[in-house]
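This report refers to the structure that appears directly beneath it.
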């Protein structure tokens, strides 16, 4: 495995295999919601989530393996993860598979992170490095909701999926918010220690030449 010192830097490339997988994952969001809320084909919806989870791992692996890093990929991958989680919790809440307080906790966490963005930009930062707790939370949630979807029924398999699904969900939500608190504390430290960006003023001679 390559260490961080040897990894290629991000580029402006758009058409890469990892980016194509992220776009495919984004396209599956609407399909998942239609399957869950329309014909209620839970098996097919579960398959969409499995493919989403596989491509989430595969695009990161291929980016490292092929050196196909890109700035748009750095945006697409977490965006696809967040939109998938949002779509899944809304779909499951509308089906009454999970309570609405669960569906609201996750978007509220992202609202908190969006509130932090102007403070980061004022110090010249686009975003903070992804914390391992955030990755662990996403991992748990991407397993939790497919299991909870399969738990919508009777029998031993449904009961087992319900127990495992809620275990992953509770851990995922807790880690998701724990990571948000860490990001908020890091932002506060950044604001206190890094001076804000200032607009560069033109010299008086340059203004007089206009």
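At a glance:
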read-out	value
Between helix 42-66 and the chain: long-axis angle, C-alpha atoms, 0 to 90°, nearest 10	40 degrees
Highest-MSF residue in the chain out of 55, 189, 138 [GNM, Cα springs under 10 Å]	189
Segments 154-167, 29-42 sorted - mean Cβ within 10 Å per residue, highest first	29-42, 154-167
Angle between the chain longest axis and helix 156-193 axis [Cα atoms, degrees, rounded to 10]	10 degrees
Listed peptides 46-54, 120-128 by packing density, highest first (mean Cβ within 10 Å)	46-54, 120-128
For segment 4-107: relative contact order, % (alpha-carbon pairs under 8 angstrom, 6 or more apart)	39 percent
Kirkwood Rh, Cα atoms: Rg over Rh of the chain	1.08
Degrees between helix 100-122 axis and first principal axis of the chain (Cα, 0 to 90, nearest 10)	10 degrees
Contour minus Cα-Cα distance for residue 101 and residue 178 (0.36 nm per residue)	26.0 nm
CD proxy at 222 nm, helix term only [per DSSP H run n ≥ 4: -39500 (n - 2.57); per residue of the chain; nearest 500]	-26000 deg cm²/dmol
Separation of the residue 14 and residue 156 label points, Cα + 7 Å toward Cβ, nm	5.4 nm
Gyration tensor verdict on segment 1-96 (Cα atoms; rounded if a/c is under 1.5, prolate if a/b is larger than b/c, oblate otherwise)	prolate
Calculated FRET efficiency for the pair residue 26/residue 115, C-beta based, R₀ 25 Å, to 0.05	0.55
Sequence-separation-based contact order of segment 97-196, relative, with Cα cut under 8 Å and 6+ spacing, percent	38 percent
Residue 50 versus residue 94: modelled label distance in nm, points set 7 Å from Cα along the beta carbon direction	2.4 nm
Convex hull of Cα atoms in segment 63-145, direction-averaged projection (nm²)	6.7 nm²
For the chain: relative contact order, % (alpha-carbon pairs under 8 angstrom, 6 or more apart)	21 percent
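Every number in this text was worked out from the coordinates using simple rules, so none of it is lab data. Because the structure is predicted, anything quoted here is derived from the model rather than measured. Ideal geometry is used to build each Cβ from the backbone, glycine not excepted, and the neighbour counts take in all protein chains shown.
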